[in-house]
Structures are given as C-alpha cells and as structure tokens.
1. When all C-alpha to C-alpha distances in the chain are sorted into bins of 10 Å, what percent of pairs does each bin hold, rounded to whole numbers?
2. Where does each of 302-315, 192-205, 26-39 land if you order them by average Cβ count within 10 Å, highest first?
3. Nearest 20 debye, what's the magnitude of the dipole of the stretch 129-246 about its Cα centre given +1 on Lys and Arg Cβ and -1 on Asp and Glu Cβ?
4. What length, rounded to one decimal in nm, is gained on full extension from SER369 through to ILE162, with 0.36 nm per residue of separation minus their alpha-carbon distance?
5. Taking 45 Å as R0, compute the FRET efficiency from the Cβ-Cβ separation of VAL192 and TYR426 and round it to 0.05.
6. Only Cα pairs under 8 Å and at least 6 apart count here; give the relative contact order of the stretch 231-305 as a rounded whole percent.
7. Rank GLY100, VAL367, LEU214 by how far each Cα sits towards the positive end of the charge dipole of the chain (+1 on Lys, Arg Cβ; -1 on Asp, Glu Cβ) and give me just the farthest.
8. Between VAL402, ILE56, GLN417, whose Cα lies farthest towards the positive end of the dipole of the chain when Lys and Arg beta carbons carry +1 and Asp and Glu beta carbons carry -1, centred on the Cα centre?
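Where a number appears in this text, it was derived from the coordinates with a stated rule and is not lab data. None of the values given here were measured: they were computed from a predicted structure. Every residue, glycine among them, receives a Cβ derived from its backbone with ideal geometry; neighbour counts consider all protein chains shown.
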Amino acid sequence: MAEIKKVREKWGSKLGFILAAAGSAIGLGNIWKFPYIAGENGGAAFIFIYLICIVIIGLPVLIAEVLLGRTTQRNPVGAFKKLSDSKFWIGVGSLGVIAGFLILSYYIVIAGWSLGYIFEAFNGSFFEFNQSNTSAAHFNDLIQNVTWNVGFTIAFLLITMIFVYSGVQKGIERGSKILMPILLLLLVISAVKGISLPGSEKGISFLLEPNWSLVTPSSILVALGHAFFTLSLGMGAMLTYGSYLGKENNIFSASTQIVFLDTIIALLAGLAIFTSVFATQQDPSAGPGLIFHTLPVVFTKMPGGYIFSILFFFLLTIAALTSAISLLEVVVSYFVDEKGWRRHSAVIVFGGVTFLIAIPSALSFNVLSDFHIFGLNFFDLADYLTSNIMLPLGGMLISIFVAWIWGFDKALVELKQGAENVFSNYPFVISAWKIFVKYFAPVLIFLVLLNSLGVL
Ligand code: TRP
C-alpha cells in the first residue's frame, strides 16, 4: 500500500505545457507519414478533408483528454478511477497504458533508423547511392543488419529515457523548450530551400491543387485515423500531460495552439518534401519509403544537399524524440501514481521492458521477417493494432465517457476554470464542443473502426 503523499509534479508554465504537448503531437506522423498519405490520396483534396477532421474531431477530443487529466491530476487509469467506479472505464485507462507501450515499441525502431541516418548523412553515404533503386537497396541492407537496427533502436530509447528520468519540468519541459524551436527552425529552412529550387512549382501545385479523383471513401477514414495519430489522441498521452497542468490555464486556447502547431508542421513538412522531390524529378508516390529511399537521392541532386541531408534527419529524430518521451511518460506516470513507484525506478524498469518488446519489431526486418501473426510481422502487427484499433477505440470511449458518463455539467464546471472569457464571450464555442464530443466524435470514430476491421 503506497499511501505516502508526494507532491505531484507540474509544468512550470503554460508555454511549457504547450511545447511539450506539441512535441508529443509532432512526430513521425507529421514528417514521415502525413506527406506520403497525402501523396497517395490526392494531395490537396486529402489535405482539405484532413483539416476538417482535425477541427471537428481532433480538437474537441484533445480538449476532452486534457480536461480529464487536469481535473483528476492523474494518469489514464487513475483518472477514470477518480471519476467512475466502474471496472469497465478503469479498463479503458489500462488499454491506453498498454497501447502506449505498444506504440513506443515500434515507434523507436523507425526513430532508430532516423538516428542512424544522421550518421549516414554525415558520412556522405547518400552520394554513393544516388539512384532510387540503389538507395532503397542500401536502406534494406541497413535494416537487415541486426547490429545497426537494434543498436540505433537502443540508442534512441536511451536518449528518450534520459529526458523522462529527469522529470516533468527538468526533463520533458526543458527538453521541449529547446528542441521544439530547433525543429521549427530547421523545417522552415528546409521548406524555404525546397521552394527556392527550380522546378519546385510542380510540388506546390501537387499540394495545392486538389485531385478529387484520388479521393475514395477510405481516404476519408485514413484522414480521420491520421488526425488521431498525429494529435497523440486515444490512449491518454494528452490526458497525462494535462494532468500536470494547473487549473488557472485556459484549456481551449492551449489546445487550439497545439493543434495549430501540429498542423503547420505537417504542412511545412509536406512543402519541404514535395518541392524538393519534384524539383529533382523523383517519384512522389513512394509511400512509406519516401523518406528513407527517395529523399537521400533528392539530397544528392540539390545544391548544398550534404548539409540539408544532415539537418533533415536531425529534425526528424528530434520530432520522434519528443513524441517517444510522451509515450514513455504515460507508462511511468501510471506506476508513479498508482503503484507509488519512484520515477527513476519506473523509467529504468519500463525502459527495459520497452526494449524487450521493441526487439521483435526491430527484428521483423531481418531474423524474424518470416515470423507472422495474422499474416503480419511483429512491427506491422503493433502498428496495425494500435493505430487502427486501439487509438480510435480509445478516442471513441473517451468522448463517450466525457459526454455521457461523467456528464457535461460536471465537465463544464472544470472546463470553465481558466477559460472564463471563452464562456462569456464565445458561448457558441462551448456549444460546438459539446455537440462534437457528444455526437460527431463517437459516430465518426465508430465508422473508422468498422473500416479498420474491414467491415466497411
Ligand atoms: N503524435 C505522434 C506523431 O505524430 C505519435 C504519438 C506520440 C502518438 N504519442 C502518441 C500517437 C500517443 C498516438 C498516441 O508521430
């Protein structure tokens, strides 16, 4: 029985919270995934649908999650426990913690490749493999090399652990305040560089001129699913970050700023990548391989490509780092709050456990490539289970909980604290939030889920 009352950690400032939460949101989802899914689903047309999903589902659910955290000042399991006696809802919190673990286990593998590619860029390897087929072959050689793949996964995990180990204010907040501005700066430099290349207009029109013929019903569901992933919703990461927030902070304005930052970064990444890809006459529809196969070739064909290749993989690694930190923090906060563990022990033990679960994902590209469960290797299974099932399910249940179980009357009393001006000056914003959380979010997410399960 850990009944020792410890003072719970808090963010030092609202800006610190916004940068940390934006750091969680902005990750591989923005820079690696968003550009290629936009490319596959009609460019501008897809982006338009995605933006609608962000506004009508993403933002309302983000507000709901942060509110649950701030109200209860607990991790996802503790938060549900505090507001409901039902085992079911406590189970929903636990599902979140487990999803966090699973996402982390494959996320750090891709992040490890990105870290490894900083060194590839330094060594100038891209200039030896300056055609897309040799570049892809080089990438495949690397990920099939167990030492390289597992080595960089561990290195990345250790860096993540250092930040979480140092605590909410001294580790996560301080790290985000340094890393996020660097990330933004590097991305703006890359986008300006991309736009300045001769022939970049084709990339810009690809992003701005809608091609509705590529939009299918499933693109709408891809857009909605990605809105969840990119805002780190559905498993309690934002809830956990909200739990370190003081009641005097305005959740509406903070959440809007987080969504704005996340969206701007995704669009800038799309701009930086597609202008350079088109300007160097490469294939924009390489899918998941766009970053690791196509971009290295792009760098060899642009002036200053050596420097830009280093900057790019550095910024990709930073983006992944602040996201991985938030995933590990969910697990750590659970053991600190619920089990009375010390933060340091929780980080060491669960960093170790994450490593054990990450090994099968990392080995999915070499030793275990023939090992399949439900037709998927470990890596794809962890990705599929979390992104397509656990996150939408979690997001739907969180909206249902706030709207129908906890209830708006109680939620609004909490939400009002720190946001009095929104309540008195913009009452329609509050009504819109209610309608979105109560009806739109549960119904639309349910459709995504059916689609993920192949029913729709
Ligand atoms: N949002 C991050 C990205 O875009 C990934 C991420 C971090 C995440 N924490 C999460 C996704 C929690 C879902 C849930 O890369």
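1. 4, 21, 32, 27, 12, 3, 0
2. On the way: 302-315: 19.5, 192-205: 16.0, 26-39: 24.5.
Top of the packing list down: 26-39, 302-315, 192-205.
3. Values: 5 positive and 4 negative charges, 67 e Å.
It comes to approximately 320 debye.
4. Details: separation 207, 0.36 × 207 = 74.52 nm, distance 3.10 nm.
Extending this stretch completely gives an extra 71.4 nm.
5. Numbers: r = 36 Å, r/R0 = 0.79.
Calculated transfer efficiency: 0.80.
6. Working: 22 pairs, mean separation 14.6, N = 75.
Relative CO of the stretch 231-305 lands at 19 percent.
7. Positive-end residue among those listed: GLY100.
8. Most positive-ward Cα: GLN417.
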